[in-house]
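The values are calculated or read from the model by the stated rules, or taken from the named source; none is laboratory data. As the structure is a prediction and not an experimental result, all values here were calculated from the model. Neighbour counts run over all protein chains shown; Cβ positions are idealised from the backbone, glycine included. All accessible areas refer to the heavy atoms of the entire protein, side chains included, with ligands and DNA or RNA removed. Shrake-Rupley method; radii C 1.70, N 1.55, O 1.52, S 1.80 Å.
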Amino acid sequence: MTNRPEGDDRARDDDARGDRARDDRARDDGAREDRAGAARAERNARRAAARERAQRTRAQQKRRQRGARLGLQIGLGVVLVAAATIVTLVLVNSSRPAGPGPDTMADGGITISTGLKAVEPGAASSGPSAGETASADPVRITLYVDYLCPICGAFESTNSEYIEGLVDSGAATIDIHPVAILSNRSQGTKYSLRAANAAACVAQESPDSFFAVNKALFAKQPEEGTPGLTDEQLASVITSVPGVRHGSTIESCIDDQRYGKWVDERTTAVTGGDIPGSDLTTFPGTPLVLVNGQQYQYTTASTNDEFRTFVVGAAGSTESTPTPTPTPSSSSSETPSASATSD
């Protein structure tokens, strides 16, 4: 057995331990480097994912912005087209002539005679005008009315029954001129214009029912300052009157406001001084009541007896004959005539 020095063994052990320590440090360093590399890779991957998400978000925002701009442009285009269409329609409608009125309203009013039947224009006697002798002609009563006018409604309520008796018996004729003076007094619905248009529809389609329809419209008269009846309600009031013909045509006429521009034109002419059946050059307002061309100064305090007196006086007035004063009567059949003033 060979004996080695003890120092050599220790040296070898120290070298081995040193080698192991170096190996351990190398392994630790490698592990740390691996971990650091993995961490860097993970951070790089997160940054890459974040960049990708940011790019997708920016792309989506750009697409939304492009879509919003396109939608705005399309919407603006639609609005401009609609505005241009409305302006065009307004210009066309404003330049379009009113067109003819109802066949029975040649001068803006319809004439009702014996039996409350409508008279064809030109077929009725024109009746005596102011200052002429009445002779044996029927008294000619002329009314200019607005279906929203409360004073018109009061006159109708006070005198309609009396006038109906005169006209039905043939002692008088009545010319009724619907006008639209108060179109701006119904919260924007233009009730006066719509009601006058509805009356014109009746004058065209069912003229013999006009007197009854006129009465019904005043019976359902709304208060001034309210929206008034709708077109559907107007049609219901009119077609509910017994004897009205061509109801569906009248309803369409009301919906279409077929005579609206004509009513507006006639109203402008009347308020401008063109007042058929009268020598007046200035329109005094509604109701305008004329008897043989003479204006009846109606007030809400007026009574039927006062109107009867005026009618009989206008029927028989001449320069040599005093105006008679009829005896008041509750009957609606009292009829004035020229004979009432003769001896």
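Summary of computed values
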{"item": "Residues of segment 208-237 satisfying the condition of being within 16 Å of Arg258 (Cα to Cα) and buried (at least 17 other Cβ atoms within 10 Å of the Cβ)", "result": "Asp231, Leu234, Ala235"}
{"item": "Hey, Val244 crowded, with 16+ Cβ neighbours inside 10 Å, in a helix (DSSP H, G or I) and either at pLDDT 95 or above or β-branched (Val, Ile, Thr) (or both) or not", "result": "no"}
{"item": "Matching residues, segment 106-137, being buried (at least 17 other Cβ atoms within 10 Å of the Cβ) and modelled with pLDDT under 95", "result": "Gly127, Pro128, Ala134, Asp137"}
{"item": "Selection within segment 285-304 - farther than 21 Å from Pro150 by Cα and part of a loop (DSSP other than H, G, I, E, B)", "result": "Asn292, Gly293"}
{"item": "All positions within segment 160-180 that are surrounded by fewer than 22 Cβ atoms within 10 Å (Cβ to Cβ) and assigned to a loop (DSSP other than H, G, I, E, B)", "result": "Gly170, Ala171"}
{"item": "Gly247 being in contact with a helix residue (DSSP H, G or I) (Cβ under 7 Å, 6 or more places away or on another chain) and closer than 24 Å to Gly316 by Cβ", "result": "no"}
{"item": "Per-region count, segment 198-229, residues free of Cβ contacts under 8 Å to residues at least 60 places away in the same chain and of a type in the set (D, E, K, R)", "result": "3"}
{"item": "Within segment 247-284, considering residues that are β-branched (Val, Ile, Thr) and assigned to a loop (DSSP other than H, G, I, E, B), the one least open to solvent (accessible area, probe 1.4 Å)", "result": "Ile275"}
{"item": "In segment 146-159, residue nearest to Gln221 (Cα to Cα) [restricted to those that are in contact with a helix residue (DSSP H, G or I) (Cβ under 8 Å, 6 or more places away or on another chain) and open to solvent by 10 Å² or more (accessible area, probe 1.4 Å)]", "result": "Gly153"}
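Results for (1) more than 19 Å from the chain's Cα centre (by Cα); (2) under 22 Å from Met105 (Cβ atoms), shown as yes or no for each residue.
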| residue | (1), (2) |
| --- | --- |
| Pro242 | yes, no |
| Gly247 | yes, yes |
| Ile250 | no, yes |
| Gln257 | no, yes |
| Val270 | yes, yes |
| Pro284 | yes, yes |
| Gly313 | yes, no |
